[in-house]
Amino acid sequence: MHDEKLIKEIKRKALEIRKWVIESVYRAGSGHPGGSLSVADILACLYFHEMRHNPKDPKWPDRDRLVLSKGHAAPALYAALALAGYFPVEELKNLRKIGHFLQGHPCMKKVPGVDMSTGSLGHGLSVAVGMALAGKLDKKDYRVFAILGDGEVQEGQIWEAANAASHYKLDNLIAILDRNKLQIDGPTEEIMHLEPLAWRWQAFGWDVIEIDGHDIEEILGTFHEIKLNEKPTIIIANTIKGKGVSFMEGTLSFHGKPPSEEQYIRAMSELEQVERELND
Amino acid sequence: MIDATITDKKRNLRDAYSSALIALGRRNPDVVVLDADLALSTKTKRFGTVFPDRFFDMGIAEANMMGVAAGLAACGKIVFASTFAVFATGRSYDAIRQSIAYPELNVKIVATHAGISVGGDGASHQMLEDIALMRALPNMVVIAPADATEMEDVVPAIAEHNGPCYVRIGRADAPILFETHGMFEIGKGYVLREGSDITVIATGTMTAEALKAYDLLKKEKIDARIIHMPTIKPLDEKLVRKAAKETGRIITCEEHTVIGGLGDAVAMAIAKKPVPMIRIGVNDVFGESGEAWQLMEKYGLTAENIVKRAKELIKKS
Ligand SMILES: Cc1ncc(C[n+]2csc(CCOP(=O)(O)OP(=O)(O)O)c2C)c(N)n1
Ligand SMILES: [Mg+2]
């Protein structure tokens, strides 16, 4: 059990991430709010509790790594990194702006704290496998987290990587699958089915844990269940695309579209309302 | 001028690759080698036998191998990833682009079985557009060594270079051209024969043909300058422009499609002050099965064809 103070603190961080997702995507005039909002709670748990990292030393060799394989959720990652102290939060207002460092998709050469450049789906898990392999080679105890979209795992390379991870017994590798059940053209099960998803990962030699990806207590608790048993772990996090903004929740339309001015105001006031309730 | 002669001695560049890799592995514990179920053919298996802890066979999953290489490099390893050129570049292009070239990671893609001289396997295995693909990627260094001696110098040189490199070598044994080590430097071209009537710029397997062409041209009283261009990117543009200025004609030779390879790189380098030029390469067609020498002949990748085209160019200009 985690104490209530911690849970409340992380809920606050998740809310701040959500607010910055709306703010930065609105200001940029483009970007992906839906998949950023669905992964906000997971990122908050990782960067504000679970991961071993040091914003003052982004390249610390012993840090836990995070590969945001679904790179289009960059607004959420950038918000988490800024709030953690990797760079000033004010920079989030310059997302996607020419001459600024916050690229539309994560760029490890430009953004402190970004461990891998991503954006083309299906590559991140392979890279995470390489990082985990390096950890084993160097006998270091860091862990590698890879965040995957559910639509993303339709890519064949994901399964090449999944196979390699269990073959090389990478129990220092933890994938988190943002199971928001939507991709661009529709629900995943209509576009290209993924179920039985847990079974598929098990068949590839992974430990599978299924959780509610918006329940902070459950997310935090999950990390304690991960065993050093020579098997990689995947956490299938059941989420809601657009989570936290009523008119974005469960919709396809906000996958890659910014809110209008009116929608921006509504979204922010909804999030601020939740923030007030949390602080009461 | 660099000392180069064609002797009867031949040596396989893949053998040179694996010996150099083992020597490098002894000196540098950060060297890690990956292969994709072709470790016996690429000869990386020899490294794996000596350093089993630092060799990983990634199975028949080339794109994943490139991503894994990127992850290892992001954690400080110098990663060599090998398979046939057709799979190393074609099959894995997006993984190389997104995970290696864009983040500028320290991965050395050493591809074997490049070009038409693969022979019997036919067009599916004869990679003729890998230079074009890799050359188009920012941050990528592209190298095609001419013989085993040079290959042994290329391996430590690319390990020294911090960033992505693509090296392509052929399948067949190749004549030894260079007796001594220490010549190779990334980004440098080498004058192997002086001449003033025309310049032949060759890379990879075609450098040996260019040297043979020199002797044949000599008999016809044509003085050719022969340049060996192991690094196609970054190109030694100074040397190319000097040759253009001094000899007034250029022929490029590569075991690659004429589109996007050495020929195009040279043409770009002289675009401001052009001279008459011919690009010898495979003319925008796929290959076919046959013996290596038969294919080289059929597709015009021979000293004889260089001579023929040189005479044409001299007659016309
Ligand atoms: C290789 C590749 N193909 C297509 C795209 C375009 N694209 C961006 S996001 C997306 C849908 C992703 O769906 P999912 O993985 O479920 O992400 P989420 O729902 O979390 O946003 C697509 C097809 C891409 N970025 N990469
Ligand atoms: Mg989805």
Pairs, first more than 8 Å from chain A (Cβ to nearest Cβ) and closer than 16 Å to B:LYS233 by Cβ in the stretch B:92-111, second assigned to a strand (DSSP E or B) and among the charged types (D, E, K, R), C-beta under 7 Å, six or more apart: B:ALA111/B:ARG168
Restricting the stretch A:25-53 to residues that are among the hydroxyl-bearing types (Ser, Thr, Tyr) and away from ligand 1 (no atom under 16 Å from the Cβ), the residue that is farthest from the chain's Cα centre (by Cα): A:TYR26
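Select from the stretch B:71-86 the residues that are part of a helix (DSSP H, G or I) and away from chain A (no Cβ under 13 Å) and list them in ascending order. Write out each step before concluding.
Of the stretch B:71-86, the ones part of a helix (DSSP H, G or I) are B:71-74, B:85-86.
B:ALA85, B:VAL86, listed by residue number.
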The stretch B:29-55 - residue that is small (Gly, Ala, Ser) and over 20 Å from the mean Cα position of the chain (by Cα) and, of those, farthest from the other protein chains (Cβ to nearest Cβ): B:GLY48
Of all residues making up the stretch B:87-116, the number that are surrounded by 24 or more Cβ atoms within 10 Å (Cβ to Cβ), in contact with a helix residue (DSSP H, G or I) (Cβ under 7 Å, 6 or more places away or on another chain) and in a helix (DSSP H, G or I): 7
Some residue of the stretch A:175-186 being away from chain B (no Cβ under 14 Å) and acidic (Asp, Glu): yes
Exclusive hit being at pLDDT 95 or above and surrounded by fewer than 24 Cβ atoms within 10 Å (Cβ to Cβ), set A:VAL89, A:VAL127, A:VAL114: A:VAL89
Matching residues in the stretch B:240-274 - criterion: being in a helix (DSSP H, G or I), in contact with a strand residue (DSSP E or B) (Cβ under 8 Å, 6 or more places away or on another chain) and free of Cβ contacts under 8 Å to residues at least 40 places away in the same chain: B:GLY263, B:ALA267
Test: residue in the stretch A:164-172 that is out of contact with any Pro (no Cβ under 8 Å at 6 or more places or on another chain), buried (at least 24 other Cβ atoms within 10 Å of the Cβ), facing chain B (nearest Cβ under 10 Å) and on the phi < 0 side of the Ramachandran plot: yes
Conditions (1) at pLDDT below 95; (2) under 21 Å from A:ALA132 (Cβ atoms); number of the one not met by B:VAL32: (1)
Subset tally (residues that are in contact with a Lys or Arg (Cβ under 9 Å, 6 or more places away or on another chain), surrounded by 17 or more Cβ atoms within 10 Å (Cβ to Cβ) and assigned to a strand (DSSP E or B)) for the stretch A:209-221: 0
Residues (among the β-branched types (Val, Ile, Thr) and either in a strand (DSSP E or B) or under 21 Å from B:CYS75 (Cα atoms) (or both)) located in the stretch B:1-57: B:VAL31, B:VAL32, B:VAL33
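With within 16 Å of ligand 2 (Cβ to nearest atom), aliphatic (A, V, I, L, M), surrounded by 24 or more Cβ atoms within 10 Å (Cβ to Cβ) and within 14 Å of another protein chain (Cβ to nearest Cβ) as the only criterion, which of A:LEU121, A:LEU68, A:LEU43, A:LEU37 stands out?
Answer to the selection: A:LEU68.
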The stretch A:146-156, subset crowded, with 24+ Cβ neighbours inside 10 Å and not acidic (Asp, Glu), residue farthest from ligand 1 (Cβ to nearest atom): A:ALA146
Test: residue in the stretch A:143-151 that is among the small types (Gly, Ala, Ser), more than 8 Å from every other protein chain (Cβ to nearest Cβ) and more than 16 Å from ligand 2 (Cβ to nearest atom): no
Among (1) assigned to a helix (DSSP H, G or I); (2) under 14 Å from the mean Cα position of the chain (by Cα); (3) of a type in the set (Lys, Arg) - the single one B:LYS212 does not satisfy: (2)
Selection count where residues are on the phi < 0 side of the Ramachandran plot and more than 8 Å from chain B (Cβ to nearest Cβ), scope the stretch A:106-118: 5
Residues that are within 14 Å of ligand 1 (Cβ to nearest atom), under 20 Å from the mean Cα position of the chain (by Cα) and in a helix (DSSP H, G or I), drawn from the stretch A:162-198: A:THR188, A:LEU197
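Take A:ALA134 and tell me if it is part of a helix (DSSP H, G or I), away from ligand 1 (no atom under 13 Å from the Cβ) and crowded, with 21+ Cβ neighbours inside 10 Å.
For A:ALA134, the condition - part of a helix (DSSP H, G or I), away from ligand 1 (no atom under 13 Å from the Cβ) and crowded, with 21+ Cβ neighbours inside 10 Å - is met.
Given the condition within 14 Å of chain B (Cβ to nearest Cβ), crowded, with 16+ Cβ neighbours inside 10 Å, within 16 Å of ligand 2 (Cβ to nearest atom) and of a type outside the set (S, T, N, Q), answer yes or no: does some residue in the stretch A:228-250 qualify? Full working, then the answer.
Here is the first cut: in the stretch A:228-250, the ones within 14 Å of chain B (Cβ to nearest Cβ) are A:232.
Narrowing the set further to residues that are crowded, with 16+ Cβ neighbours inside 10 Å leaves A:232.
From what's left, within 16 Å of ligand 2 (Cβ to nearest atom): none.
No, the stretch A:228-250 contains no residue that is within 14 Å of chain B (Cβ to nearest Cβ), crowded, with 16+ Cβ neighbours inside 10 Å, within 16 Å of ligand 2 (Cβ to nearest atom) and of a type outside the set (S, T, N, Q).
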Scope the stretch A:151-189; condition β-branched (Val, Ile, Thr) and over 20 Å from B:ALA36 (Cβ atoms); matching residues: A:VAL153, A:ILE174, A:ILE176, A:ILE184, A:THR188
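The values are calculated or read from the model by the stated rules, or taken from the named source; none is laboratory data. Since we're looking at a predicted model, the values are computed, not measured. When we count neighbours, we look across all protein chains shown, and the Cβ atoms used for this are built from the backbone with ideal geometry, even at glycine.
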